[in-house]
Amino acid sequence: MALAPAAARAEGQCRILDIGFQPATPDNPNNKFAPQIVAWVEDTAGNFVETAYITWQTGTFGIGNRPGRFDFDSGPLWPYGRRETVFPVWATKQPLRWPQLEFQDGDDNDLSHSMGESSPDKHFCRPMLPSEFDAMTCPSANAYSDKGTLSATKMSRYPPRNDLSAQANGDTPSVGMFAALNPFDAISQPTPVSGMPAHVSWAVPFEVPPGDYVLWVEVSKEFDMNATYNEQTYPSPPNLAWAEYGSPYRGQPSVLYRVPFTMNNADTTASTDVYAGYGDPDGLDGNVRAPDTTISNTPGSGAGRLALVSSDGVTSRVHLTLRHEIDVMPPASPGNPEVTAVTGSTASIAFAAPGDDGATGMVAGYEVRFRVGEPITEDNFSTSTLLAAEVSPVASGEQQTIALQGLLPETTYSVGIRAFDNCRNASPLSIVEVVTPDRQSGEVNACFIATAAYGSVMASDVELLRHFRDSLMAKTVLGELAIETYYTFSPPLAGVVGESDLLRATARRLLAPIVSKVRETRW
């Protein structure tokens, strides 16, 4: 969305959008699966502004973009199947796109995968038989799953999961990039408990101008069956091996709630007590279907997935409050950062958490960036490599930790950490140096020179070049010849580049026009 210039605001003033709703307790005891919820803001012309909230099954654990056909059966914490029907309206309207994830063997139809293509899964369970559903928990603590590989040709409207580090045995190298590709860590939260009020706060970006806007809330739910949407109308996919595992999940489609509001210099409230329509049952488009009799409206089902709640004389399913804060005091610097563990490819950093106002309160979040071969400073912080890491803020004075993945051996990293509050006031920078030890024998990287130049396999430009290589270069005779030549000569050259800060800087300058050209290429 192209935004007009924002109006001048008082010093330290910010706008906070508080969103409230309550997942309803189902009347039907068999309708016990938790709903998935996303909230976003548009202008009145339908231009997307920003995602304000997303539940973590989609925002953190990537159920919308994972290996396996979209209509695979499901069950508690089911590990496979791209759930393209989870938020079809949001997914179509939000502008980001990602490479689609596919099984490593290329077969979307198979639930069974070798241990050589699987790694431990701390979140999802193995596929279950319907008789195991009652427990609603994983039947084994030793679940393994195929995390997949990024397609070189197909794109998805959903992000991959961001909770993984690539395992040496079983995962493809791209798994280590999932977290860097997923931008929703700051707003992804656990699914609210049914029957309990939920509240979400979103700091409105400063560049969003005053005007009229719409808050959309999209809610989906597996196994929410009725006479129109059920196991008979949307059955299990036919002729698949292991068909006895799981059950058809495709009940009623996502439903949407719409709340118009005005953003100006005054506090305001708005709400809705009705649903605005529903999404495509097949997840194929972003159109909102008008309400009709195919959608149920009972507690916990269809339009009733969010409960009717009365507060201050107003009954609503979704309500919002736009409020203004004056906060001129930034957080203090993260205190005494130090390296607590380091290997040839990882590091952990600990520091004392600052407060929201100086040393008081709790910050809203952290921005962590690093540079290789030169110090990070206040001047170059914004152009340094962003570290995509999950950092849940703790109270002022408590120990806070962050993890760095995908580092190179025998490399010096300058890491900058900055805290911010609800009004996006930023703390002074805290800096710590990380020096990784010698490389382990036999370690090889598939993007040698670029990785040595940028200092990390996580660097976004390295992944961009790798994806360009796999998407276009490998499909032409000249491209194949170039790749073979590169792999023949670049490993020893990368060793020289990687051990010289001057050569690294030179390599980055030489690669810069190539990276710029690749970014402009449609592929």
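Residues whose amide H comes within less than 5 Å of that of Gln100, counting only those at least five positions distant or on another chain, are Ser151, Lys154, Met155, Ser156 (H built at 1.01 Å from N in the peptide plane). Among 246-257, 159-170, the peptide with the highest mean count of other Cβ atoms within 10 Å heads the list, and the full ranking is 246-257, 159-170.
Note on Val86, Val342, Val368: ascending count of other Cβ atoms within 10 Å places them as Val342, Val368, Val86, the fewest first. Under the classification rounded if a/c is under 1.5, otherwise prolate if a/b is larger than b/c and oblate if not, where does the stretch 12-70 fall, given a ≥ b ≥ c as square roots of the Cα gyration tensor eigenvalues? Note, shape of the stretch 12-70 comes out oblate.
Close amide-amide hydrogen proximity is noted between Glu50 and Val41, each under 5 Å apart and 5 or more residues distant or on a separate chain (H modeled in the peptide plane; Pro and chain starts excluded).
For the stretch 335-435, a simple Cβ point-charge model (Lys and Arg +1, Asp and Glu -1, everything else neutral) yields a dipole of about 160 debye relative to the Cα centre. Couplings 3J(HN,Hα) for the stretch 192-204, derived from phi with the Karplus relation 6.51 cos²θ - 1.76 cosθ + 1.60 (θ = phi - 60°), are x, 6, 4, x, 10, x, 10, 10, 10, 10, 10, 7, 5 Hz, where x marks Gly and Pro.
Around the amide H of Asp224, modelled in the peptide plane, lie the amide H atoms of Gly251, Gln252, all under 5 Å away and 5 or more residues distant in sequence or on another chain.
Residue by residue, the stretch 274-283 carries 3J(HN,Hα) couplings of 10, 8, 8, x, 9, x, 5, x, 9, x Hz when phi is fed to the Karplus relation 6.51 cos²θ - 1.76 cosθ + 1.60 (θ = phi - 60°); x denotes Gly or Pro.
Could you put Arg289, Arg126 in order, starting from the residue whose Cβ has the fewest other Cβ atoms within 10 Å? Walk me through the numbers on the way to the answer.
Numbers: Arg289 18, Arg126 21.
If I rank by nearby Cβ atoms, fewest first, I get Arg289, Arg126.
Note that the stretch 80-87 has calculated 3J(HN,Hα) couplings of 10, x, 6, 7, 6, 8, 5, 9 Hz, one per residue in order, obtained from phi through the Karplus relation 6.51 cos²θ - 1.76 cosθ + 1.60 (θ = phi - 60°); glycine and proline are x.
Sorting Trp216, Trp90 by the number of Cβ atoms found within 10 Å of their own Cβ, with the fewest placed first, yields Trp216, Trp90.
Read-outs: derived from the displayed coordinates by stated rules, not from any lab. Fair warning: this is a prediction, and the values are worked out from it, not measured in the lab. So basically every Cβ, Gly included, is an ideal-geometry build from the backbone, and we count neighbours across all protein chains shown.
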